[in-house]
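**Q** This structure is in structure tokens; I'll ask about it shortly.
The values are calculated or read from the model by the stated rules, or taken from the named source; none is laboratory data. Fair warning: this is a prediction, and the values are worked out from it, not measured in the lab. Quick reminder, even Gly has a Cβ in these numbers, built from the backbone with ideal geometry, and neighbours come from all protein chains shown.
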Amino acid sequence: MTYIYGRGIIIPFVQKYKRGLIMVIASFFVLAQATILVGFARADEEILPTDLTSETVVDQDKVTLCHRTDDVKKPYVKITVKKSGVDGQGQNDHTLHTGPIATSEAIAQAIKDNHEEWGDIVPPFDDFLGLNWTEEGMALCNGTEQSEEVFPAAVTFTDATCDKSGFYTVPTTEHVTYTVNGSEVAAGDYDVANGSGVTVVAVADEGFFIDEETTSTWTHTFNAASGCGEVLSEQVTKTPKGAANAGAGGGSVMTGSLIGLVSSAFLGLAGFLGRKWSLNQ
């Protein structure tokens, strides 16, 4: 078959390779659609804060959030807590930590000077819409270093006894500092006067945190031991005082019996001698 330039070349070429051309064109459209979808996906990844969203998806029972502190130099700590701590229930629930975002030390100080508190930054999850989850909040929380949770051992209290005063025992927990009246105390036993009260607070070290559902404060009032006077009274009563009296009384009875016995013997002897003398007469 002889081909000529122009129509004479294109038409026979299309007729001969029509099926192949259709497949090439279809492949081009599929590739274009895939490229567009990948572009949208990458755009979404740039918008979403990947650090927090990945954590909330991986662990279905916990959520990572930025919890407010009372320090203007470090207004937030990033912590991972149970979702039950962000469900609106309980006195220390994170949803109750409302307020503006402390995006800088100056803003935090201004909020504090106004006798207010800044709010937590919580991502949305399940049916919860989030708290302070704005562009500023996301950027601030993503830039906050993750803190590790610690669990302080409990302080124990021993009440006074009749021979020993009351005391409390401060344990040792790694990355936890125990304080009394704001002052750090070392691990050990501490005597307390009767009628005095003590409050011990556990504080997490830098880079660590104690969850608000975990007990970190212990308070106790030491009372005087009861029944100590009664024990002493019983001991005094049991002193062999009565035994001494009984011994004295027993001696008198014994002496009287002995005299009566001797008198009876003399009387009997006198009566015997009297009868004997009468017979001899």
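**Q** On the given criteria, is residue 126 of a type in the set (Asp, Glu), free of Cβ contacts under 8 Å to residues at least 40 places away in the same chain, under 25 Å from residue 60 (Cβ atoms) and outside the structural domain of residue 210 (by TED's automatic domain parsing)?
**A** no
Conditions tested, residue by residue: (1) in the same structural domain as residue 81 (by TED's automatic domain parsing); (2) exposed (fewer than 15 other Cβ atoms within 10 Å of the Cβ); (3) without any contact (Cβ under 8 Å) to a residue 12 or more places away in the chain; (4) assigned to a loop (DSSP other than H, G, I, E, B).
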{"site": "137", "(1), (2), (3), (4)": "yes, no, no, no"}
{"site": "141", "(1), (2), (3), (4)": "yes, no, no, no"}
{"site": "167", "(1), (2), (3), (4)": "no, no, no, no"}
{"site": "172", "(1), (2), (3), (4)": "no, yes, no, yes"}
{"site": "184", "(1), (2), (3), (4)": "no, yes, yes, no"}
{"site": "189", "(1), (2), (3), (4)": "no, yes, no, no"}
{"site": "199", "(1), (2), (3), (4)": "no, yes, no, no"}
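**Q** Still on this structure, I have one more. Could you run through segment 70-107 and say how many residues are closer than 15 Å to residue 143 by Cβ, surrounded by fewer than 17 Cβ atoms within 10 Å (Cβ to Cβ) and β-branched (Val, Ile, Thr)?
**A** Residues meeting the conditions: 1.
**Q** Related question: Please find, within segment 144-165, the residue that is surrounded by the most Cβ atoms within 10 Å (Cβ to Cβ) out of those that are over 18 Å from the mean Cα position of the chain (by Cα) and assigned to a loop (DSSP other than H, G, I, E, B). It would help to see each step written out before you state the result.
**A** Applying the first criterion (over 18 Å from the mean Cα position of the chain (by Cα)) to segment 144-165 yields 144-146, 158-165.
Next, from what is left, pick out any that are assigned to a loop (DSSP other than H, G, I, E, B): 144-145, 159-160, 162-163, 165.
Values: 144: 18, 145: 9, 159: 17, 160: 20, 162: 13, 163: 7, 165: 16.
If we take residues in segment 144-165 being over 18 Å from the mean Cα position of the chain (by Cα) and assigned to a loop (DSSP other than H, G, I, E, B), then 160 is surrounded by the most Cβ atoms within 10 Å (Cβ to Cβ).
**Q** Right, here's the next one. Quick check on my filter: what residues within segment 65-112 are assigned to a loop (DSSP other than H, G, I, E, B), hydroxyl-bearing (Ser, Thr, Tyr) and modelled with pLDDT under 90?
**A** Passing the criteria: only 69.
**Q** Kindly indicate whether any position in segment 193-200 is more than 21 Å from the chain's Cα centre (by Cα), over 22 Å from residue 73 (Cα atoms) and at pLDDT 90 or above.
**A** Yes; the residues of segment 193-200 include at least one that is more than 21 Å from the chain's Cα centre (by Cα), over 22 Å from residue 73 (Cα atoms) and at pLDDT 90 or above.
**Q** Here's something else I'd like to know. When you look at residue 12, is it at pLDDT 90 or above and either outside the structural domain of residue 141 (by TED's automatic domain parsing) or part of a loop (DSSP other than H, G, I, E, B) (or both), yes or no?
**A** The answer is no for residue 12.
**Q** If you don't mind, there's one more thing I want to ask. Residues to consider are 116, 136, 105; find the one that is more than 30 Å from residue 171 (Cα to Cα) and touching a Lys or Arg at 6+ places or on another chain (Cβ under 7 Å).
**A** Result: 105 is the single residue among 116, 136, 105 that is more than 30 Å from residue 171 (Cα to Cα) and touching a Lys or Arg at 6+ places or on another chain (Cβ under 7 Å).
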